[in-house]
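One structure below.
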Amino acid sequence: MISTYLVPGLRTPFVKARTHFQDQSSLDLSIPVVQAMVQRANPDCVIWGQVIPSPTVSNLGRELLLDAGLNPNIPGFTSILACSTSMLATIQAAQMLGRGGLHLALVGGVETMSHVPIALKPAKAQELSNIFMTDPSAAQQAFDSLEISAFDLPVRGWANRISGRSMGDHTEDTAKYFEVSRERQDEVACRSHKNAIAAQNSGFFDDLLVPFADVKADTIPRADSTMDALAKLKPVFDRSEDGTLTAANSSPLTDGAAGLWVADAQGLERMDLKPEIEIIDWQISAMDYREEGILMAPARAIPILLHRNDLSFSDIDLWEIHEAFAAQVLANIRAISDPKYRRNSTGIERDFGEFPMDRLNPNGGSLALGHPFGATGARILSQASKQLASMQKGNHAVVSICADGGQGSVMLLRRV
């Protein structure tokens, strides 16, 4: 088996959608990240992802590679798995390395949530297409006369197609199912901001960022986040007295791009690096989300991954769990800590011990840093790799990312 390793990459600062980067395309955001990364080494392939793609870009990975000025003989392609997109790209790269002459991959992703593709409803699009084929001027007149009802507008905020409900709607179900209180959610949000601000002040992010559009640092972390301030916010999904998800304990709509290196031993030699962060294993899991909520698949993946590698919770020195919502983080931790839940969902009887909350997201998570869907996996894996590299040899990290559709991916890393 070929050993594969991670090397922290670079990313733009993350900013709230419709602010600093609102005039930038997905390629605009991605190009400076890739160009800065290849100053260190030229990759053998590029894998890049985006969850809400531009209708004018058919293969983001390849078009990014060419627009960034890389050698056109380098292959590039696009990967997608909702919020796990750039973690999936990492897994795909790890599987490819050591074969086909590939030893070093540049992976990552982007999301410009300021830009929402607006489409025509299928019947109207077909009607206009048929007219255009025979009479372009008539098609223009027909387009000019379109009413608002002809368009597919994202009125549900990136809702799941099958359920028709947003991630927040589903996570309200999760909060109720697992009895996750509003207070506990706000505690996770406060801690995320506190840790992110501390990391900013210590310079932790400095060598992970590429300034872009006059923005040099993440703009979302708030030093003034307090329990009292968060308690005053109203729910944004379930607006009844039963709602618990607010703008503060839910990750914000975010613009940003992030990259990561995946290498085998030969690839590391080209970067003049020794192995530090080894990919030990990963697990992609899926579930029926109609009862528990749509972001609970990591509660299957984590026990399976740990059991396969004969590890307990205490054996993991760093936990990086994507904070789509504070409720989802807490529900997944509660589920993996429950012997009955583990047995019913995975068939695993093993006792993993008590979950170490003090090892969770020490430099802040998506609630504080933001969540550009396609970029989140690369951001978390780079962050986890840098943190783990500062720890003792033999230490382990688990990186967990939930994804739309009742799916999730988890990766086990080791400091070597």
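The values are calculated or read from the model by the stated rules, or taken from the named source; none is laboratory data. Small disclaimer: the values here were computed from a predicted structure and weren't measured. Every residue, glycine as well, gets a Cβ built from its backbone with ideal geometry; the counts of neighbours run over all protein chains shown. All accessible areas refer to the heavy atoms of the entire protein, side chains included, with ligands and DNA or RNA removed. Shrake-Rupley method; radii C 1.70, N 1.55, O 1.52, S 1.80 Å.
Sort out which residues of segment 78-95 are within 14 Å of residue 373 (Cα to Cα) and of a type in the set (A, V, I, L, M, F, W, C), and write them in order of number.
80, 81, 82, 83, 87, 88, 89 - these are the residues of segment 78-95 that are within 14 Å of residue 373 (Cα to Cα) and of a type in the set (A, V, I, L, M, F, W, C).
Restricting to segment 1-23, name every residue that is under 20 Å from residue 369 (Cα atoms) and touching an Asp or Glu at 6+ places or on another chain (Cβ under 7 Å).
Step one: of segment 1-23, the residues under 20 Å from residue 369 (Cα atoms) are 8-22.
Result: 13, 14, 15, 17, 21.
Can you name the residue in segment 335-374 that is crowded, with 18+ Cβ neighbours inside 10 Å and among the small types (Gly, Ala, Ser) and, of all such residues, is farthest from residue 110 (Cα to Cα)?
Going through the qualifying residues, I end up with 345.
Would you be able to tell me the number of residues in segment 76-101 that are without any contact (Cβ under 8 Å) to a residue 40 or more places away in the chain and either buried (at least 16 other Cβ atoms within 10 Å of the Cβ) or touching a Pro at 6+ places or on another chain (Cβ under 7 Å) (or both)?
Selection size over segment 76-101: 4.
What are the residue pairs meeting all of these: first residue in segment 239-253, first residue within 13 Å of residue 16 (Cβ to Cβ) and surrounded by fewer than 22 Cβ atoms within 10 Å (Cβ to Cβ), second residue at pLDDT 95 or above and of a type in the set (Val, Ile, Thr), Cβ atoms under 6 Å, and 6 or more apart or on different chains?
So the pair list comes out as 247/236.
Could you list all residues from segment 102-122 that are closer than 28 Å to residue 265 by Cα and open to solvent by 10 Å² or more (accessible area, probe 1.4 Å)?
Once the filter is applied, which keeps residues that are closer than 28 Å to residue 265 by Cα and open to solvent by 10 Å² or more (accessible area, probe 1.4 Å), segment 102-122 yields 102, 103.
Being among the polar types (S, T, N, Q), touching a Ser or Thr at 6+ places or on another chain (Cβ under 7 Å) and touching a residue at least 24 places away in the same chain (Cβ under 8 Å) narrows it down to one of 345, 385, 400, 366, so name that one. Explain how you work it out, then say what you get.
Values: 345 fails: touching a Ser or Thr at 6+ places or on another chain (Cβ under 7 Å); 385 fails: touching a Ser or Thr at 6+ places or on another chain (Cβ under 7 Å); 400 fails: touching a Ser or Thr at 6+ places or on another chain (Cβ under 7 Å).
From the options 345, 385, 400, 366, the qualifying one is 366.
Matching residues to (1) in contact (Cβ under 8 Å) with a residue 12 or more places away in the chain; (2) over 18 Å from residue 361 (Cβ atoms):
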site	(1), (2)
145	no, yes
150	yes, yes
164	no, yes
171	yes, no
181	yes, yes
204	yes, no
210	yes, yes
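Is there any pair with a first residue in segment 59-73 that is farther than 15 Å from residue 35 by Cβ and modelled with pLDDT of 95 or more and a second that is small (Gly, Ala, Ser) and part of a helix (DSSP H, G or I) whose Cβ atoms are under 8 Å apart and which are 6 or more apart or on different chains, and what are they?
Final answer for the pair search is 60/26; 60/30.
Regarding segment 307-315, can at least one residue be identified that is assigned to a loop (DSSP other than H, G, I, E, B), under 19 Å from residue 252 (Cα atoms), modelled with pLDDT of 95 or more and not basic (Lys, Arg)?
Step one: filter segment 307-315 for residues assigned to a loop (DSSP other than H, G, I, E, B), giving 309-312.
Narrowing further to those that are under 19 Å from residue 252 (Cα atoms): none.
No: segment 307-315 contains no residue that is assigned to a loop (DSSP other than H, G, I, E, B), under 19 Å from residue 252 (Cα atoms), modelled with pLDDT of 95 or more and not basic (Lys, Arg).
Among the residues of segment 24-61, count how many are open to solvent by 10 Å² or more (accessible area, probe 1.4 Å), hydroxyl-bearing (Ser, Thr, Tyr) and under 21 Å from residue 7 (Cα atoms).
The total comes to 0.
Quick one: is residue 294 touching a residue at least 40 places away in the same chain (Cβ under 8 Å), in contact with a helix residue (DSSP H, G or I) (Cβ under 8 Å, 6 or more places away or on another chain) and open to solvent by 10 Å² or more (accessible area, probe 1.4 Å)?
Against the criterion (touching a residue at least 40 places away in the same chain (Cβ under 8 Å), in contact with a helix residue (DSSP H, G or I) (Cβ under 8 Å, 6 or more places away or on another chain) and open to solvent by 10 Å² or more (accessible area, probe 1.4 Å)), residue 294 does not qualify.
Please work out if residue 119 is in contact (Cβ under 8 Å) with a residue 12 or more places away in the chain and farther than 30 Å from residue 278 by Cβ.
yes
Is it true that residue 219 is touching a Leu at 6+ places or on another chain (Cβ under 8 Å), at pLDDT 95 or above and closer than 16 Å to residue 252 by Cβ?
In short, no.
How many residues does segment 223-235 contain that are of a type outside the set (Gly, Ala, Ser), assigned to a loop (DSSP other than H, G, I, E, B) and crowded, with 17+ Cβ neighbours inside 10 Å?
Residues that pass the stated criteria total 1.
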